[in-house]
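The values are calculated or read from the model by the stated rules, or taken from the named source; none is laboratory data. Here the structure is a predicted model, which is why all the values come from computation and not from measurement. Note that each Cβ is placed from the backbone with ideal geometry, even for glycine, and that neighbours are counted across all protein chains shown.
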Amino acid sequence: MELDEEVRAASSDPGKLEELYQTATQQGQSDVFRSALLTSFEAAPDNLLYGAWFYRLEQITEEPPAQRQGVNWIAAVPLSILTGLIFWALSDVEQLTIDEEIPQLLLWWSPVATMSALIFLALTARNNIGRALALGVGLLAAAAYALLLGPAIAPPVMIDHYVIVAAIHIPLLCWIALGISVLGFRSSPDDRFAFMKKSIEVVIVAGLYLIAGLAFGGITMGMFAALGITLPDILLRLIIAGGFGLLPVLAIATVYDPGKRPAEQDFDQGLSKFIATMMRLLLPLTLGVLLIYVLVIPFYFKEPYENRDVLIVYNLMLFGILGLLLGATPIQRDDLAPKLQRWLRTGIIAVAVLAILISLYAFSATLYRTFEGGLTLNRVAIIGWNSLNIAILLWLVYRQFKDGWDKWVESLQAVFSQAANPYMIWGLLLLLAIPVLFFVAR
């Protein structure tokens, strides 16, 4: 039961309300309790118990937000180096391949990097080390399962299909594991939403590190090439694969403070502010592109029905739209002026509606190609993700009209927070269960 509901249920029970407050304080969620109490008091201003709590909380002097501690480089740097060395070892394509074609590193990179990240977060926060290790071992086991399952049950011509599906979905499970490590199994919507926002920031920072690494690697190899020296394969792999392995933990250490809850992270300055502003500036541009695209669809109506590559673009577009809407949604409603809020809300709803229309069009093409060519593992994955993402957008639009202007930010955050659960379930099914059923049925 959410804290809002528990506070409403305790409207005439002083003991229960006190218990809820003490529990929330111990969990670092006193602000969540305060918000829930204020909501209940506004809905029932004649309730004396709520009134007493309202004035009690008003008298409590809020402590200033704790400053971020210095980055734990003592843990981050060794873990990054260890991850890079493991990537280097796994990048030997002559020895470590699947079906003599696909590098095993495609399956192992995200669980290995996530294990290092989980250890870094747990050591820095000084809690939940057991949970972090259990999640990391589970991810490594999932990669091993995918590595053994494909060659064991798939027809030779379909091994690469399953490996590609696994390589795409294991990173999703890794992200969910990081969320469970940070949030636990019970968390508030604002914490889940803040974790998603920080995840976008970590990815962008990792991309910046990658650009710097590519420049450094290119200059290094260019300097040796200018002397006529060709670096051996083992050193090239160290520069490329090993360098890539340095990025995940360094990116997390740079932007995330493990000593704070996700909702307590800094979103008001620096890169966080830049990313939020960039996402909001992209919103009207995206709206214009989608509007033009809807207008030209009738002239190229058959393209997705005949061209598989067009459908791939549509699927990527759908994930990109969801990421854009997530990034554009503010953490706090008061972060924006009321006029800007109205424009932003209108833009989010308009983009979501147009994305739904285009996605339904693409979904019909996917179903048509499935009826024509039969059901494949890739089509099962695409149909599932399309259905799920369209449902999320429909739910987002419905909640915006249902909850109205007063709760438009909270409504958006709730939709994105709730979407994590079906993402996890479908990702697990695609990795562990559906391939078995699919191959056995065939």
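Sub-8 Å Cβ pairs linking a first residue in the range 1-21 that is at pLDDT below 80 to a second residue that is surrounded by fewer than 17 Cβ atoms within 10 Å (Cβ to Cβ) and of a type outside the set (Val, Ile, Thr), at least 6 apart or interchain, are Met1/Ala9, ordered by first then second residue.
Restricting to helices (runs of 4 or more DSSP H) lying wholly in the range 301-406: which have 1 or more residues that are of a type in the set (S, T, N, Q)? Even if it seems obvious, please write down each step before you answer.
Numbers: elements: 303-306, 308-328, 338-373, 377-403.
Ranges flagged: 308-328, 338-373, 377-403.
Contact annotation: residue pairs with Cβ atoms under 8 Å, 6 or more positions apart or on different chains, pairing a residue in the range 166-187 that is within 18 Å of Glu201 (Cα to Cα) with a partner that is part of a helix (DSSP H, G or I) and acidic (Asp, Glu), are Leu183/Asp191. Is it true that Ile60 is at pLDDT below 80 and of a type in the set (A, V, I, L, M)? So Ile60 fits the description; yes.
Of the residues examined, Ile200 is not one that is closer than 30 Å to Thr376 by Cβ, surrounded by fewer than 20 Cβ atoms within 10 Å (Cβ to Cβ), in contact (Cβ under 8 Å) with a residue 60 or more places away in the chain and not small (Gly, Ala, Ser).
Is it fair to say Leu214 is assigned to a helix (DSSP H, G or I), surrounded by fewer than 20 Cβ atoms within 10 Å (Cβ to Cβ) and over 26 Å from the mean Cα position of the chain (by Cα)? No, not satisfied.
With in the same structural domain as Val415 (by TED's automatic domain parsing) and either surrounded by fewer than 17 Cβ atoms within 10 Å (Cβ to Cβ) or part of a helix (DSSP H, G or I) (or both) as the only criterion, which of Ala206, Ala225, Ala276, Ala251 stands out? Within the list Ala206, Ala225, Ala276, Ala251, the selection yields Ala276. The number of residues in the range 410-442 being at pLDDT below 90 and in contact with a Ser or Thr (Cβ under 8 Å, 6 or more places away or on another chain) comes to 0.
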